[in-house]
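What follows draws every value from the coordinates through simple rules; no lab data is involved. Not measured: the values here are computed from a predicted model. No Cβ is skipped: glycine too gets one built from the backbone with ideal geometry, and neighbour counts run over all protein chains shown.
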Amino acid sequence: MQSVQQLMKVFVTRRIPPEGMKILRQSGICSLSVWDSDEPVPHAELLKGVAGVHGILCLLTDRINAEVLDAAGPSLKVISTLSVGFDHLAIDEIKKRGIRVGYTPDVLTDATAELTVALLLATARRLPEGIQEVKSGGWSSWKPLWLCGYGLSGSTVGVVGLGRIGMAIAQRLKPFGVKRLLYSGRHPKPQASEVDGEHVPLEVLVSKSDFVVVSCALTPETQGLCDKAFFSKMKKTAVFVNTSRGAVVNQEDLFEALSTGQIAAAGLDVTTPEPLPVDHPLLTLKNCVVLPHIGSATYSTRGTMAELTATNLLAGLMGTAMPSELTL
Ligand code: DGY
């Protein structure tokens, strides 16, 4: 058993699922300081919490920038994020300092793909509007022209970013009778053949698709990708769905496209900012369904994410191979 002085210091920026905490507590190699709340750690507390630590276990809501890295100081060996996305980490700064990064790919693919399908169907078939009508007494009778939406059968679906999650979405959508599955991205992907995916330029995807599903990482290239020009190429009957990162979308342009009938509807699980202020214009629109970033929110997925995040962190502390290390 190591003495307390030899334990490595770890700051955990939030209350996380118990599966992860158990692994950290039982490791016997680290002393834990936890921001024991369901709400994000305030920036000043984050700076205090990381001072002199060897490891940080963080979430996608924590911006780990040069200031935080400086506050941690030279002892910092590893940052393990409870997310597959890593746009909240200042990767260049982290790399420069020789710090290793763990993340959680794969384990949330199925949950996120499921949620994407649910959001697409809820948006296209206007479920929130229907539920509201039932509750408010607006349901007066069965009406042939009431609450009609769009179906997947015989449709063309375009997936922007056919990575792990994009593929899992495509695999789930195909059995609904999707006729063509288009995808964009720098290179064709061999695995696309499993879903009869056709690699096309983004403009073709946008103009031909009945459903445009965004599933790409947020990078400098994809920031603001879905803008006025993008929406203006979409069909007026098309449905837009984003479960990646809010900043891929220019929300003012999306509002205009939705409110002028340039596109039919949008389903968003991610926004800028998060949470979206309750008086945000997008929330006034019936044809916009907004969820609070719950793509990976199943009990088992979050538990597995926490386990992987903890295991990555411990490997980073010990200098051994991580189950999921980000290549910097
Ligand atoms: C991630 O992990 O990056 C998702 O957005 C949340 O699970």
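Structure summary
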quantity	calculated
Amide H partners (placed H, <5 Å) of GLY185, local residues excluded	LEU202
Relative contact order, percent, the chain [alpha-carbon distance under 8 Å, six or more residues apart]	20 percent
Sum of -39500 (n - 2.57) over DSSP H runs of 4+, divided by residues of the chain (222 nm, nearest 500)	-9500 deg cm²/dmol
Farthest toward positive dipole pole in the chain [+1 Lys/Arg, -1 Asp/Glu at C-beta], among VAL278, ILE56, GLY151	GLY151
Extension gain, SER136 back to GLN171 (0.36 nm per residue minus Cα-Cα distance, nm)	8.9 nm
Radius of gyration and Dmax over the Cα atoms of the chain, both given in Å	21.8, 74
Dipole in debye (nearest 20) - the chain, about Cα centre, beta carbon charges: Lys, Arg +1; Asp, Glu -1	520 debye
The range 109-290, relative contact order in percent, only Cα pairs under 8 angstrom and at least six apart counted	20 percent
Karplus-derived HN-Hα couplings along the range 91-103 (A = 6.51, B = -1.76, C = 1.60, θ = phi - 60°), whole Hz, x at Gly and Pro	4, 4, 5, 5, 4, 4, 8, x, 8, 8, 10, x, 8
Linear extension gain, SER31 paired with LEU285, 0.36 nm per residue minus alpha-carbon span	86.6 nm
Restraint check, LYS143/LYS179; LYS22/LYS95; LYS143/LYS235; LYS189/LYS235; LYS228/LYS286; LYS143/LYS286, Cα-Cα greater than 22 Å	LYS143/LYS179; LYS22/LYS95; LYS143/LYS235; LYS189/LYS235
Rounded FRET efficiency, nearest 0.05, which uses the C-beta distance separating THR298 from SER232 and R0 of 35 Å	0.45
Folded to 0 to 90 degrees: helix 299-318 orientation relative to the chain principal axis, Cα	40 degrees
Inter-label distance for ARG186 and GLU221, nm, one decimal - labels placed 7 Å from Cα along Cα-to-Cβ	0.4 nm
Bins of 5 Å from zero: percent of alpha-carbon pairs in the range 109-290	1, 8, 17, 22, 21, 15, 8, 4, 2, 1, 0
Set of lysines with alpha-carbon distance to LYS96 below 18 Å, sequence-local pairs under 8 removed	LYS77
